[in-house]
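Notes follow once the structure below has been shown.
The values are calculated or read from the model by the stated rules, or taken from the named source; none is laboratory data. Given the structure is predicted, the values throughout are model-derived calculations rather than measurements. Glycine also receives a Cβ, built like all others from the backbone with ideal geometry; neighbour counts cover every protein chain displayed. Areas reflect the complete protein model, heavy atoms only, side chains present, ligands, DNA and RNA absent. Shrake-Rupley method; radii C 1.70, N 1.55, O 1.52, S 1.80 Å.
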Amino acid sequence: MGFREDFLWGVATSAYQIEGAQNKLNKGLSIWDVYVRENNKIYDGHTGDIACNHIQTYKEDVKMMKDMGIKSYRFSIDWSRVIPDGYGNVNEEGMAFYDSLINELVKAQIEPCITLYHWELPYEIYKKGGWLNEDIVQWFGRYAGIIAERFSDRVKFFFTMNEPQCFIGLGYLNGVHAPGLKVNLRDTFEMAHNVMKAHGRAVQMIREKSKRDVLVGYAPTCGMTYPYSNSKEDIEATRKVMFSIPEADNWTWNISWWSDPVMLGKYPEEGLMKYEQYLPKITEEDMKLISEPIDIYGQNIYNGRCIRMGEDGRPVDVKRKDGYARTANNWPVTPECLYWGPKFLYERYKKPIYITENGMSAHDVISKDSHVHDDARIEFTRKYLSELKKASEDGVDIRGYFHWSLMDNFEWDKGYSERFGLVYVDYETQQRVLKDSAYWYKDVIKNNGNNL
């Protein structure tokens, strides 16, 4: 036993983080194009203007993926590249780029997986209120339908939203991501509800406009939880914490507010009570739209917290060990979350699961021998995938894994200071160097994870 025979082994990227060419191919502005120009917002003044220059190097990048044995590539389409103002005319130059990229992937026998929204909000829509404007539900739906109609003859997998926890929480609650605002709580809940409705409308339009049967999914994130022991009490405490609702000041960072409406057709009762004073009007019609049936469930998973049942019958966090393992950006290394996270999610939502992102930032350098020896990433990924394999063997319907990321890229407010890639990028020369982890991952794919 192990992973399914048709397990989808992939890598992931997003448009603004790798494409570059932000002022080419008649692209419109996105909120990130504007935000990176603001002083002291991005590490060392970095921008995504060039990034990995993928717009020009996509053929070589696809060949590189083929050489790495990659089976699937999850990438985002930049809404502002294909519809410059977000709601008006389609930009054929922008569409042509994605057309060519998809053709290259198909030719290389790499399954293309489209993410419709990985934070590239057209600036013209932002000026009209962005996620606060209910019209965005129809605008996003139209955009989704255009993409499905154009590409569904070759693309089977469509994910609507990537990490709404982040693009609402970090963009509008904490203000560290584009557009860099700290708005009142009432507005964030209004935005979130519009995000949920836009997701539902996109699902409808993908179904309506696709040229064949496709698989539609959703890719939220959040920290996972894992139990201190295998006792029934610790496991129950851990499950309870994983789907619990936080206080309002950091409310976006949770699973159930974002996934229960999509998967179960209702917001969690705990949240409806806790957040009552901030909530917009929520109708039955809204919930029907939000819960349009999807086929697959994606989750971006990086780390988690250890939980046990306290003596008073309430869950408590277990303190991390002194000197616990951390990645280069100080995220804890907790492989157990790739067992317990998918297990709890599958029990609750009962849909096939794809790990749509997982990976680590490391202090990678090109060594004297011209190679990048990233043993820490290999060990990280080996441990995490071993836990995912165990979950699969224990009956969790896991169908794919996308490593974040294919290559080093623009890591949002951290600029180019973090390296998450299996491939090293020299940003001055645009040279790509496969890290040791890329060769290791190729071997894992070849053996379908049986050599972990």
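Report, ordered by the first and then the second residue, all pairs with beta carbons closer than 6 Å, sequence separation of six or more or different chains, a first member in the stretch 321-336 that is of a type in the set (Gly, Ala, Ser), and a second member that is surrounded by fewer than 16 Cβ atoms within 10 Å (Cβ to Cβ). The qualifying pairs are Ala328/His363. Screening the stretch 104-191 for helices (runs of 4 or more DSSP H) wholly inside it with 1 or more residues that are more than 16 Å from Ser30 (Cα to Cα) and open to solvent by 40 Å² or more (accessible area, probe 1.4 Å) returns the ranges 136-151. If you filter the stretch 279-334 down to residues that are polar (S, T, N, Q) and assigned to a loop (DSSP other than H, G, I, E, B), you find that the one that is surrounded by the most Cβ atoms within 10 Å (Cβ to Cβ) is Thr334.
For the stretch 255-275, the candidate set comprises residues that are in a helix (DSSP H, G or I) and of a type outside the set (A, V, I, L, M, F, W, C); within that set, the residue that is surrounded by the fewest Cβ atoms within 10 Å (Cβ to Cβ) is Glu269.
Scanning the stretch 1-54 for residues being free of Cβ contacts under 8 Å to residues at least 40 places away in the same chain and in contact with a His (Cβ under 7 Å, 6 or more places away or on another chain) gives a total of 1. Residue count for the stretch 175-202 under the criterion of being touching a helix residue (DSSP H, G or I) at 6+ places or on another chain (Cβ under 8 Å) and either of a type in the set (Gly, Ala, Ser) or within 25 Å of Gly415 (Cβ to Cβ) (or both): the result is 12.
The residues of the stretch 227-254 that are touching a Phe, Trp or Tyr at 6+ places or on another chain (Cβ under 9 Å) and open to solvent by 30 Å² or more (accessible area, probe 1.4 Å), listed by number, are Ile235, Arg239, Pro246.
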